[in-house]
1. Return the residues of the stretch 16-72 that are farther than 15 Å from Ile97 by Cα, hydrophobic (A, V, I, L, M, F, W, C) and in contact with a Cys (Cβ under 6 Å, 6 or more places away or on another chain); say none if nothing qualifies.
2. Restricting the stretch 111-122 to residues that are free of Cβ contacts under 8 Å to residues at least 40 places away in the same chain and of a type outside the set (Ser, Thr, Tyr), which is least open to solvent (accessible area, probe 1.4 Å)?
3. I'd like to verify a number: residues in the stretch 96-110 that are surrounded by 14 or more Cβ atoms within 10 Å (Cβ to Cβ) and either without any contact (Cβ under 8 Å) to a residue 24 or more places away in the chain or within 18 Å of Asp51 (Cβ to Cβ) (or both), how many?
4. Inside the stretch 15-34, can you point out the residues that are under 20 Å from Met79 (Cβ atoms), without any contact (Cβ under 8 Å) to a residue 60 or more places away in the chain and in a strand (DSSP E or B)?
5. Under the condition of being within 19 Å of Arg116 (Cα to Cα) and in contact (Cβ under 8 Å) with a residue 24 or more places away in the chain, which residue from the stretch 35-52 is most open to solvent (accessible area, probe 1.4 Å)?
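The values are calculated or read from the model by the stated rules, or taken from the named source; none is laboratory data. Keep in mind that what you see is a predicted model, and the values were worked out from it rather than measured. Here the Cβ positions follow ideal geometry from the backbone for every residue, glycine too, while neighbour counts run over all protein chains shown. Remember, those area values only see protein heavy atoms, side chains included, never the ligands or the DNA or RNA. Shrake-Rupley method; radii C 1.70, N 1.55, O 1.52, S 1.80 Å.
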Amino acid sequence: PIGELNTFAREYVEALVQTTGLAACITDRDLVVAAAGSGSRELEGKEISSDLDAVIAGRKGRMVSQDSRENISVISDAMDSFCQKMIQPILCASDAIGAVILLTKSEKTALGDTERALVRTAAGFLGRQMEQ
C-alpha cells in the first residue's frame, strides 16, 4: 500500500535526510519504496528481509545496532552496511503496512530521543495518509 504513495514517500524521506543528516528509508511489507542519504542506493527498490518484516508485524519501534545479536538487515539479499537502525512500523487502520527507518553508517552517531520522535511522527503521518 505504501507504494501508492511512492512520490510522497520519496519526498518525506528526503525531508528526513535534510533534517537529520542521516540516511532514511520507507518500506512497505515487500520492498524499500523510497530511500535517501548516504548509502541509500544499496536499499532502494530491494526486497525487505524477513527479520524486518517480523519487526513490522510486531508493530513496535526498535533500535538495532550492527554489533548486537539482534542485528537486522533492511534488505533480504545481503547484510547492509549500516551500524544503527531506528525502525518504526507504519500502522494504517490497525494494520502494519510498512516502516520508516533512520540509518547511520557511523558508530559515533547516536540515534536518540529526537530521532525516535521523528520516525514516530513520520510513521504516524504516513499511516493517516493511507487511511484517507
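1. Ala35, Leu43
2. The extreme case among them is Gly112.
3. So the count comes out to 8.
4. Start the filter on the stretch 15-34 by keeping residues that are under 20 Å from Met79 (Cβ atoms), which leaves 22-25, 27, 30-32.
The next check asks that each one be without any contact (Cβ under 8 Å) to a residue 60 or more places away in the chain; those that pass are 30-32.
Leu31, Val32, listed by residue number.
5. In the first step, residues of the stretch 35-52 are kept if they are within 19 Å of Arg116 (Cα to Cα); the result is 35-37, 52.
Right, trim to in contact (Cβ under 8 Å) with a residue 24 or more places away in the chain and you get 36-37, 52.
On the way: Ala36: 13, Gly37: 31, Leu52: 1 Å².
Filtering the stretch 35-52 for residues that are within 19 Å of Arg116 (Cα to Cα) and in contact (Cβ under 8 Å) with a residue 24 or more places away in the chain, the one most open to solvent (accessible area, probe 1.4 Å) comes out as Gly37.
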